[in-house]
1. Can you say what percent of the DSSP beta bridges in region 113-257, counting only those with both residues inside, are antiparallel? Round to 5.
2. Ordered by packing density, taken as the mean number of other Cβ atoms within 10 Å over each peptide's residues, highest first, how do 190-199, 63-72, 44-53 rank?
3. Using protein chains only and a probe of 1.4 angstrom, how many square angstrom of residue 81 are accessible, to the nearest 10?
4. Residue by residue, what Karplus-based ³J(HN,Hα) values in Hz, rounded to whole numbers, does region 59-74 have, using 6.51, -1.76 and 1.60 with θ = phi - 60° and x for Gly and Pro?
5. Can you tell me the length gained on complete extension of the stretch residue 103 to residue 140, counting 0.36 nm per residue apart and subtracting the Cα distance?
6. Which one, 32, 49, 14, projects farthest toward the positive side of the charge dipole computed for region 8-70 from Cβ point charges (K/R +1, D/E -1)?
7. What percent does the relative contact order of region 160-238 come to when contacts are Cα pairs within less than 8 Å and at least six residues apart?
8. For residue 189 and residue 201 in the same chain, what is the full-extension length gain: residue separation times 0.36 nm, less their Cα-Cα distance, in nm?
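The values are calculated or read from the model by the stated rules, or taken from the named source; none is laboratory data. Small disclaimer: the values here were computed from a predicted structure and weren't measured. As a convention, Cβ positions derive from the backbone with ideal geometry for all residues, glycine included, and neighbour counts pool all protein chains shown. Accessible surface is based on the protein model in full, side chains and every heavy atom, while ligands, DNA and RNA are left aside. Shrake-Rupley method; radii C 1.70, N 1.55, O 1.52, S 1.80 Å.
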Amino acid sequence: MDGTALRWPILGLHHVTATVSDAQADLDFAAGTLGLRLVKKTVNFDNHGVYHFYYGDELGSPGTLWTTFPYKGRGVPIGRKGEGQIGVTSFSVPAGSLDYWRRRLGESGVAAVDAPRRFGEEAISFADPSGLAFELIGSSRDDRAAWTGGGVAADVAIRGLHGVTMVVGRPERTVELMTGMLGFEVMGETGGRLRLAVNGSVPGKFIDLLHDTGAGPARNGLGTVHHVAMAIGSDEGQRELREELLARGCQVTAVMD
C-alpha cells in the first residue's frame, strides 16, 4: 500500500445501486420480503423522471444501503451479466439465521439455494423480481444493530451490506488499484475468488473479485448493478482522491451532492 491510501482513508462500503424493472415489485421485495426500511424516495440524478429508492436500516446508515432505479416501460433492455460488473450483492445476517430466511423467502415465492461455504461463512443465494443476484451470509462478526421495523425480529434481521462480488477477466490491475490507492488488503483466495477488505475485516468492508470466469463482457440494463459506492472520511479527501484518479487516467464523475 502506498501513501495515497493513507491520505484518503476508505471507511468501507457505502451503498450499492441497481437498475430494476417494476417499482412496486422492487418495493415489495426490498421492504417487504427482506425487511429493509424505505429510507427515502427521490429521483435519478441523470433522469428526473425515474425514481431512486433508498433502502437500509432505521437511520439509513452508510454500509446498510441498497438503492434502485426502477426503469420499467422506459425502453431500457434487460442487461447482460458478465465481466466488468458487480455480479452479486451480499447482505449480512446473524449466524444461525439462514433457516429462517429460507422459510421467509420461500413463503414469498423466492427460491433460495445454498451457496458454497466461503471464508468460514455459510450463505444462501436467490434473485429478486428483476433477476438481480443476492446472497445472505451468516456472520458472527457483525455487531451492527438490527432494524426491526420491517417485521423481522432482531435476532435474524439483516445488519447491512456484507460485500459485493465483482466479476473481472483478470484481477491484477483491479487489485493494483484497490490496494495501491484505495487502501484495500487481500485477505485470501478460494475457488477463483479473491477477497479484499478495507478498514477492517468484518461485514460491510468486503469486495470479492471473481476472476477468469470466461463470462464475457457485461452490459448494463434491467437486472444489473449500476455501481457500488465506498465511504470516505471527508469531503476534502474525496476531492483529492478524485483528482488523483483523474491524473492516473481513470474516468471519474463530478462530485454530486
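1. Beta bridges within region 113-257, antiparallel portion: roughly 75 percent.
2. Working: 190-199: 17.1, 63-72: 22.3, 44-53: 14.2.
Output ranking for 190-199, 63-72, 44-53: 63-72, 190-199, 44-53.
3. Per-residue accessible area (residue 81): approximately 100 Å².
4. 9, x, 5, x, x, 10, 8, 10, 10, 9, 10, x, 10, 4, x, 10
5. Details: separation 37, 0.36 × 37 = 13.32 nm, distance 2.07 nm.
Full extension from residue 103 to residue 140 adds 11.2 nm.
6. Of 32, 49, 14, it is 14.
7. Values: 95 pairs, mean separation 25.5, N = 79.
It comes to 32 percent, rounded to a whole number.
8. Details: separation 12, 0.36 × 12 = 4.32 nm, distance 1.42 nm.
Here the segment from residue 189 to residue 201 would lengthen by 2.9 nm.
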